[in-house]
Amino acid sequence: MADHLEVTDSTFESEVLQADVPTLVDFWAAWCGPCKMVEPVVDEIAEEYEDKLQVAKMDVDSNQETPANLGIRGIPTLILFKDGEVAARMVGFRPKEAMMEELLPHL
């Protein structure tokens, strides 16, 4: 399993928005079934693209300010941030190929 950066409301700006590399943030919660399905796919992407991409996770139960500011209403939500901006957004479970179609143009 890949190591993920755990981000919080207080570290989001420095770790994600000011990151030197595109950062994929997995917004999740422990009680969320589809979040558990997304996790191994996100782990694979993290390992395969570790030289081009940083992967972070944010627990929406512990951190409510950032998801609210981003208009996240359903989880799992995966958002790719590049140069401090939202480059891609995916809601719900998707197979890896579908995720990569969204992500690759920005890497």
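General remarks:
- Taken over the stretch 56-107, residues that are polar (S, T, N, Q), within 21 Å of M37 (Cα to Cα) and surrounded by fewer than 17 Cβ atoms within 10 Å (Cβ to Cβ) amount to 1.
- Residue check, V38 more than 24 Å from D83 (Cβ to Cβ), open to solvent by less than 60 Å² (accessible area, probe 1.4 Å) and modelled with pLDDT of 95 or more: yes
- Cβ separations smaller than 6 Å between residues 6+ apart or across chains give the following pairs from the stretch 4-15 residues that are over 15 Å from Q54 (Cα atoms) to residues that are exposed (fewer than 15 other Cβ atoms within 10 Å of the Cβ): D9/E65.
The values are calculated or read from the model by the stated rules, or taken from the named source; none is laboratory data. Remember, it's a predicted structure, so these values are computed and weren't measured experimentally. Positions of Cβ are backbone-derived with ideal geometry, glycine not excepted, and every protein chain shown enters the neighbour counts. When the accessible area is computed, the model is the full protein with side chains, heavy atoms only, and any ligands, DNA or RNA have been set aside. Shrake-Rupley method; radii C 1.70, N 1.55, O 1.52, S 1.80 Å.
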